[in-house]
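The values are calculated or read from the model by the stated rules, or taken from the named source; none is laboratory data. It should be emphasised that the depicted structure is a prediction, and the values quoted were computed from it without experimental measurement. So basically every Cβ, Gly included, is an ideal-geometry build from the backbone, and we count neighbours across all protein chains shown.
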Amino acid sequence: MSSAKLSPADFQPLVSNGIVQQISRPSLSYWADAWLRLRKNPRAMASLGLIAFLLAFVSLGPALWRIDPSAQDLDQIGIAPGADRTVTLAAPFEPWNPQQQPATLSDNSLGFTLALPASTQAVRLAWAATGATRHRLYRNVFDPETTGSLGLPLVERDQPWFEDRLDLQSGTYYYTLVPLTADGVETSGAVTLAVDVIRVISIAQARERGLITADENVQLGQRLKLAWHPLGTDYLGRDMLARLMYGGQVSLFIGIFAPLAFVLLGVIYGSVSGFLGGAADQAMMRFADFVVALPFLLFMILFKVIFGIGPGESGIWPMLVAMIILLWPAPARLVRGQILQIREEGYVSASRLLGGTTAYVVGRHMLPNTMGVILVTITFQVPSAIFTEAFLSFIGMGVAPPTPSWGAMCNEGIKSMLTRPHELMFPALLISITVLAFNLLGDGLRDALDARMRGVE
Amino acid sequence: MLWITLTKRMSPNRQLAQFFLLAFAGVALLMLTLHYAGSALSGTTSDVSAVDEDANSISIIIREEPPQLNSSRATDSISGMVLGHVMEGLVRMGLDDRLEGAVAERWEVTPTQATFWLRENAKWSDGQPVTAADFIFAWQTALKPETGSQYAFLLFTIQNAEAINQGALPASELGVTAPDPYTLVINLARPVPFFDKTLVFPTFLPIREDFYNATNGRFGADADQLLYNGPFQISQWVHGSSMTFERNPYFWNQAEIHLDTIHVPYITSDATASLNFFKDDKIAITGLQAENLIEAMRMGWQIHQHRDGTVFYLEFNHRQGRPTDNLNLRRALQLALDMDEMVYKVTKLPGYEPGVSLFPGWLMGEERLLRQEYPPQKITPDASLAKQHLKQALQELGLSEPPSLVLLAGDNPISNVQSEWVQQTLKTKLGISVKIDKQIFKQRLAKMTSGDFDLVLAGWGPDYNDPLTFGDLFASWNKNNRGQYNSPELDALIDIAQSRLQPAARMRAFGDIQQHLIDQAVVLPMYERGVTYVVDPRVRQLKRRVIGPDPDLSRAYIDVSGE
């Protein structure tokens, strides 16, 4: 036993300093924790950035890039991004009258000559009226010497001149004139002429297209630049960038609103069903099974009729309604399963025993615990809704021309996939990026929102 | 499991990359397997090559299968093409595009009667002779109301034919007699100067009565439900997949046919598939689209062109209460739409000619081409004049702003492009908004008939080689006048063209009809269609036609000397 000196101070009560236990880090709510874990997932964060970018692209884009998506630039049809835009000012097109403007013929065997300087308005060719009365004229973009073919037969003519206006682009064309016998059989003595075509535009057209102002003093022969299309144009000369922006509005509208609406409907239905349980649950779930069996495309057509949507009008609203009415059972089943499980948990019983009302139990315990499933379902339904819109527009049930949508643009682009790949590639790329981004985000959200993984690093 | 342990140790990104690689390899493997499985299973068709010199055969492709081959009910061009190879009528179009005798050796047409003398060596594919009775039976069958032939009206030039078709007279009352088995005498209902030219249409082909009755209503439904009298007979018809034509040993003119077999190994309307079959040397002829032209030139193929005679136009709905009933509105559209721009810049297909008249350029007039004798007035597009007409139209219609119009169009790539061009041009030049109503052919025809449109993209191919096949289109009584244009003035002109015997008077009437259609803007001709195609260079005498079977291989032969 050790002796100790005790003083009265030792018998003073301790002063409560209040801090019994200090938490070094702030308390993490469910959402904060999920957000923390989401931020640690680079794939999910990149997807989130991509989605933000896409939303900005379709919503702010049209305000910055003020081009009418249905305006047709017929001077630049189907051009690829970065194509040459130089154009020369020329007199307006006048039909050619060779009697009034006779050409000096060349000294080749047929007298085959380029009568006037060639431009994209017309290539005017003349030849000697003597010899064969009938000639066939070919046009090729490759030198016939190397390919062995004369190319495209343009015309068979009795008159010794021809004005070619078919789809002329700037570049070199090889015209070949072949004399024919009276029976229309080709004879020898064909003459080939290489013609360099330059792109021209008349002053009136240039004013109309806004390339020069009305009071600007310009001269013929002056070089101008045609309107700029950063991503090229489609088969009717419409600006791809503007169409992608406006098309994305339709695609993303359907892609975001439809899942939000039908998942909400499914959550309400599923939680009611799961909460009630028993016979009511059975009846409600059999009705959900019935809805699953309804054919989507048929209902889409039916809604189009019911809505009184005539031909040539947009089918976006019936599409939205059909999706909401027919696609809710999948999330409803998921949520019902969760609710059934949670209902039996100890903390729910505890909450009830402590006097929690139904609304409190549902709001405090059940919904938050299903939130992960719900959010993940929404993100996974977004790509599927975008695909549905693309598919319906692809088969002509979606938007009406000239309104673009990414799916409809793919449908148009696929026809010229081999010659003008950019018309298919850009919308297809955007659909793919959107779908991938939402999928990866959904993946990340599933990991982040899983309550059982809470706190696990 | 090695795989699982491996993936467990990998980072998620590596895992994702590996998954992509695996999926890609899997898909590639699946495609390769399916390709070999597919070619192994469809061995019969892929053996056939485009041109087979040893078997003396040629392979071609058809867009779709003929619905049936009963000549009295055939309407489409594919049936016409097949029937042109396996059947022969009284007359046919020769290789020089002139009318020549087929079953008929010679003939004579007077204002009241047409007489045909049939060759005695013309035989059916069972060896029996083709007689005048076979023609009479075929025509009576086509006219019977229960047959429901859509082209029965072509026979209305024959006495009593119209009454029989309406059910007022029995079929036996048709004004056609056979004084002996090889003479056919036709009493005409009215003078028809071009009667012999109409006979090339399939509706006039012969049908033998005993065989027809023996088929129990399945006549023409299958290869063995048809009796042939043409250069070829159908030896095999696998519905939806392939057909084979073989030389008919009983055909009277063996010297003129050279091929032993024509294969149709594929039936598809897919232009890209058709081009690929040609590239793979599976078929001897294929059409080209605007997108394929550069490639065809690069491959050094000999490209051919053929104007198929069809005129396409923008037809108005002239029914009362429709805005398009107003002449000034139609005139505004006529002045706003620049068909040159559409053909040269939008459609961009070679061989297409901008439309200036309802009468295509190839129609013969009295001595020269009709369009040379009566050149149509060319409309110069003028946006400001168009606006003036629109203003006037709005006043007359009592509207404050331009009406919205419904444009009925077919559902194919070319009409899609054209209708969107019309939509945008009218929007920018006149402020008229246009709704595009895309429909498949049958539905479009139904809507045209019921008048459920303002504008429609329509076309008309010739049935026989006379300007009247186009000239009577907008007669008030014509069922093909879908917009129901009704003008006594035009009807009077058509009456002259139909019944006068002097070619000069008829051609003048056609010139006047052409002018009337332009003045009243009854219809806006858009273009005359051309076909661009490539043929295997070893195939000779393959004939493309405006009237008759197209393409026609019945006289074709293989020549390898050019190789």
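Applying the criterion of being within 12 Å of another protein chain (Cβ to nearest Cβ) and of a type in the set (A, V, I, L, M, F, W, C) to the residues of the stretch A:396-420, the residue that is surrounded by the most Cβ atoms within 10 Å (Cβ to Cβ) is A:ALA408. Of the helices (runs of 4 or more DSSP H) lying entirely inside the stretch A:276-360, those containing at least 2 residues that are among the charged types (D, E, K, R) span A:278-292, A:329-343. Each residue in the stretch B:405-417 was checked for being at pLDDT below 90 and at the interface with chain A (Cβ under 10 Å from one of its Cβ atoms), and 5 of them qualify.
Counting only residues that are away from chain A (no Cβ under 14 Å) and part of a helix (DSSP H, G or I), which one in the stretch B:276-292 is nearest to B:LEU349 (Cα to Cα)? That would be B:PHE278.
Of A:GLY372, A:GLY413, all but one fail to be over 18 Å from A:SER314 (Cβ atoms), more than 17 Å from the chain's Cα centre (by Cα) and of a type in the set (Gly, Ala, Ser); the exception is A:GLY372.
Of the residues contained in the stretch A:373-395, one or more are found to be surrounded by fewer than 20 Cβ atoms within 10 Å (Cβ to Cβ), touching a Cys at 6+ places or on another chain (Cβ under 7 Å) and away from every other protein chain (no Cβ under 11 Å).
For B:GLY167, the criteria (1) among the small types (Gly, Ala, Ser); (2) touching a helix residue (DSSP H, G or I) at 6+ places or on another chain (Cβ under 7 Å); (3) surrounded by fewer than 20 Cβ atoms within 10 Å (Cβ to Cβ); (4) outside any loop (DSSP other than H, G, I, E, B) hold in every case but one, which is (4). Only one of the numbered conditions (1) surrounded by fewer than 19 Cβ atoms within 10 Å (Cβ to Cβ); (2) charged (D, E, K, R); (3) under 30 Å from A:HIS229 (Cβ atoms) is not met by A:ARG352, and that is (3).
The residue that is farthest from the chain's Cα centre (by Cα), counting only those in the stretch B:293-330 that are aliphatic (A, V, I, L, M) and within 14 Å of chain A (Cβ to nearest Cβ), is B:MET299. Of all the numbered requirements in (1) within 15 Å of the chain's Cα centre (by Cα); (2) surrounded by fewer than 19 Cβ atoms within 10 Å (Cβ to Cβ), B:ARG538 misses one, and that requirement is (1).
Residues that are within 14 Å of another protein chain (Cβ to nearest Cβ), crowded, with 18+ Cβ neighbours inside 10 Å and either among the basic types (Lys, Arg) or over 23 Å from B:PHE135 (Cβ atoms) (or both) occur in the stretch B:264-275; there is at least one.
Would you call A:ASP33 of a type in the set (D, E, K, R) and closer than 20 Å to A:LEU166 by Cα? Against the criterion (of a type in the set (D, E, K, R) and closer than 20 Å to A:LEU166 by Cα), A:ASP33 does not qualify.
Within the stretch A:72-108, restricting attention to residues that are among the small types (Gly, Ala, Ser) and more than 12 Å from A:TYR235 (Cα to Cα), the residue that is farthest from the other protein chains (Cβ to nearest Cβ) is A:SER106. Residues in the stretch A:138-158 that are among the β-branched types (Val, Ile, Thr) and more than 9 Å from chain B (Cβ to nearest Cβ): none. Set side by side, the residues B:THR428, B:THR469, B:THR449 differ, and just one is among the polar types (S, T, N, Q) and within 12 Å of another protein chain (Cβ to nearest Cβ), which is B:THR428. Of all the listed residues (B:PRO537, B:PRO549), the sole one being closer than 22 Å to B:ARG98 by Cβ and not in a strand (DSSP E or B) is B:PRO549.
Being surrounded by 14 or more Cβ atoms within 10 Å (Cβ to Cβ), modelled with pLDDT under 90, within 14 Å of chain A (Cβ to nearest Cβ) and within 39 Å of the chain's Cα centre (by Cα): is that true of B:GLY80 here? It is false that B:GLY80 is surrounded by 14 or more Cβ atoms within 10 Å (Cβ to Cβ), modelled with pLDDT under 90, within 14 Å of chain A (Cβ to nearest Cβ) and within 39 Å of the chain's Cα centre (by Cα). Restricted to the stretch B:304-335, and to residues that are touching a Pro at 6+ places or on another chain (Cβ under 7 Å) and under 27 Å from A:PHE93 (Cβ atoms), which residue is surrounded by the most Cβ atoms within 10 Å (Cβ to Cβ)? By that ranking, first place goes to B:VAL311. Out of the residues in the stretch A:164-191 meeting the condition of being closer than 17 Å to A:THR133 by Cβ and free of Cβ contacts under 8 Å to residues at least 12 places away in the same chain, tell me which one is farthest from the other protein chains (Cβ to nearest Cβ). The selected residue is A:SER188. In summary, B:ARG444 fulfils each of the numbered conditions (1) buried (at least 19 other Cβ atoms within 10 Å of the Cβ); (2) more than 11 Å from chain A (Cβ to nearest Cβ); (3) among the basic types (Lys, Arg) with the single exception of condition (2). Among residues of the stretch B:209-222 being in a helix (DSSP H, G or I) and touching a Leu at 6+ places or on another chain (Cβ under 9 Å), the one that is surrounded by the fewest Cβ atoms within 10 Å (Cβ to Cβ) is B:PHE211. Among the candidates B:ALA521, B:ALA504, the residue that is part of a helix (DSSP H, G or I), hydrophobic (A, V, I, L, M, F, W, C) and out of contact with any strand residue (DSSP E or B) (no Cβ under 6 Å at 6 or more places or on another chain) is uniquely B:ALA504. Screening A:LEU220 with (1) within 13 Å of chain B (Cβ to nearest Cβ); (2) modelled with pLDDT under 85 gives one miss only, at (1).
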